[in-house]
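Structure first, commentary second.
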Amino acid sequence: MDEMTQVRQLWAEKPEPDRQNLAPLRASLLRDTRRPRGSLSRGRAMPRLLLAGGLAAAVTAGLVVFLPGAAPASAQEVLRRAAAAAEEQPDLKPGPEQYVYTRFQNQRTQVQNGKGELTSGVEERWEPAVGRKPWLMRERETGQADAPGLPRAHFPLSSGITDSVFELDCATPPSGELTYAGIADVTPAELRERVAAGGPDVWQTVSLLIRTAAVRPSVTPELYKIAAEIPGIRLIPERVDAAGRPGIAVALDKDGARSEMIFDRETFRYLGDRYEELEPAKRTNGNPKMRLVTVNSSALVAVDVADGLPRLAPDATTSKIPC
């Protein structure tokens, strides 16, 4: 029995997929792929089938289901899978008086005079679901360690919490801000307009928007499609994020630096980003005394709803966001 016939049989008893029955459908498909060959049921063939390099993807009713067994062969394929995964993720549903909360775990490698150090930290953000209430970004450094391949530098570790409060001068967020409140009804065409307004570095703009759109994954599929259109992107088959999770990355090398988006290797959900200086000596003009961040990595570890802001640090700063 050839492989095409087996896949047709695999889909014989599956209902036409939609968002409501996606989860049970995918679970059923995964169970069937593990059955012995003789146990596949017979019946109607699936509507459309794509087979390439060992990858089987069924496309029906606008839904893509990737069968297990083959790793992505290109950066574009990773981004297509990430877009499909994002379509399955629900957006948060905060109440009008609540806040959307995100937490990132960060790591950066600093180098000076031939020595280096790896510093870890946490970045938290509280955004109001609606209205003109203030936002809060909280940062704190949590530890230091040896930088791979370098003698220890022992840079000072910042103590305490750094709180930055942002207030709006207008009733709604500025159009350029991709926040929970600002992207409630954004369309794919409007997302492309925002990316175009970000300037010629499309990759940097898209990467930033994807990071800040973690609170509304439903808007990110179009951003992944835009990223897949950027010339020069490439696949990094193995990459560990700042939280220590194994992943797969899509990268772009430009102007002596590498920028990456990292995804879970199994689910293709967004994990975080990473930036690396490829030519640090050029960045410092050959001056070894200049301290340089050679690697900066950030991992999304929490997205939740909060009832209010935490108590602010005594030295919190406040900034006005112009409209």
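Take the range 212-240 and flag every residue that is of a type in the set (Lys, Arg) and farther than 21 Å from LYS93 by Cβ.
Just the residues of the range 212-240 that are of a type in the set (Lys, Arg), to begin with: 216, 225, 234, 239.
Within the range 212-240, LYS225, ARG234, ARG239 meet the criteria.
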Going through the range 274-308 in order, the residues found to be surrounded by fewer than 16 Cβ atoms within 10 Å (Cβ to Cβ) and either under 23 Å from TRP203 (Cα atoms) or out of contact with any Phe, Trp or Tyr (no Cβ under 8 Å at 6 or more places or on another chain) (or both) are LEU278, GLU279, ALA281, LYS282, ASN285, GLY286, ASN287, PRO288, LYS289, MET290, VAL293
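Can you find a residue that is assigned to a strand (DSSP E or B), of a type in the set (A, V, I, L, M, F, W, C) and touching a Leu at 6+ places or on another chain (Cβ under 6 Å) anywhere in the range 128-149?
yes
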Checking ALA313, ALA302 in turn, the sole residue that is of a type in the set (A, V, I, L, M, F, W, C), touching a Gly at 6+ places or on another chain (Cβ under 9 Å) and either in a strand (DSSP E or B) or at pLDDT 90 or above (or both) turns out to be ALA313
Taking the range 102-122 and keeping only residues that are assigned to a strand (DSSP E or B), over 15 Å from VAL293 (Cβ atoms) and not β-branched (Val, Ile, Thr), one is left with ARG103, PHE104, GLN105
### Qualifying residue in the range 88-95 (condition: assigned by TED's automatic domain parsing to the domain that holds VAL305 and of a type in the set (Asp, Glu))
no
When the range 227-252 is checked residue by residue, the ones that are under 24 Å from GLU193 (Cα atoms), out of contact with any strand residue (DSSP E or B) (no Cβ under 6 Å at 6 or more places or on another chain) and surrounded by fewer than 21 Cβ atoms within 10 Å (Cβ to Cβ) are ALA228, GLU229, ILE230, PRO231
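Identify the residue in the range 129-146 that is among the aliphatic types (A, V, I, L, M) and at pLDDT 95 or above and, among all such residues, is farthest from LYS93 (Cα to Cα).
In the first step, residues of the range 129-146 are kept if they are among the aliphatic types (A, V, I, L, M); the result is 129-130, 136-137, 145.
From what's left, at pLDDT 95 or above: 136-137, 145.
On the way: LEU136: 19, MET137: 21, ALA145: 39 Å.
Among those residues, the one meeting the criterion is ALA145.
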- Message: Looking for something buried (at least 20 other Cβ atoms within 10 Å of the Cβ) and free of Cβ contacts under 8 Å to residues at least 60 places away in the same chain - is there at least one such residue anywhere in the range 103-117?
- Response: yes
Of the conditions (1) under 28 Å from LEU136 (Cβ atoms); (2) surrounded by fewer than 21 Cβ atoms within 10 Å (Cβ to Cβ); (3) at pLDDT 85 or above; (4) not small (Gly, Ala, Ser), the single one that VAL206 does not satisfy is (2)
When every residue in the range 119-154 that is of a type in the set (A, V, I, L, M) and crowded, with 19+ Cβ neighbours inside 10 Å is compared, the one nearest to ASP304 (Cα to Cα) is ALA129
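For the range 167-183, name all the residues that are in a loop (DSSP other than H, G, I, E, B), over 24 Å from ARG258 (Cβ atoms) and either at pLDDT 85 or above or within 19 Å of the chain's Cα centre (by Cα) (or both).
Of all residues in the range 167-183, those in a loop (DSSP other than H, G, I, E, B) come to 169-180.
From what is left, the residues that are over 24 Å from ARG258 (Cβ atoms) are 169-177, 179-180.
Selection gives GLU177, THR179, TYR180.
Out of the residues in the range 277-323 that are within 26 Å of GLN89 (Cα to Cα) and hydroxyl-bearing (Ser, Thr, Tyr), which is nearest to the chain's Cα centre (by Cα)? Before you say what the answer is, go through the steps one by one.
At the first step, the residues of the range 277-323 found to be within 26 Å of GLN89 (Cα to Cα) are 297-309.
Right, trim to hydroxyl-bearing (Ser, Thr, Tyr) and you get 297-298.
Values: SER297: 12, SER298: 10 Å.
That would be SER298.
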Note: among SER319, SER297, just one is polar (S, T, N, Q) and modelled with pLDDT under 95, namely SER319
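If you check ARG265, ARG258, ARG311, ARG269, which single one turns out to be farther than 20 Å from ALA71 by Cα and surrounded by 14 or more Cβ atoms within 10 Å (Cβ to Cβ)? Before you say what the answer is, go through the steps one by one.
Values: ARG265 fails: farther than 20 Å from ALA71 by Cα; ARG311 fails: surrounded by 14 or more Cβ atoms within 10 Å (Cβ to Cβ); ARG269 fails: farther than 20 Å from ALA71 by Cα.
Unique residue meeting the criteria: ARG258.
The values are calculated or read from the model by the stated rules, or taken from the named source; none is laboratory data. This structure is a prediction, so every number in the text was calculated from the model and none was measured. Neighbour counts run over all protein chains shown; Cβ positions are idealised from the backbone, glycine included.
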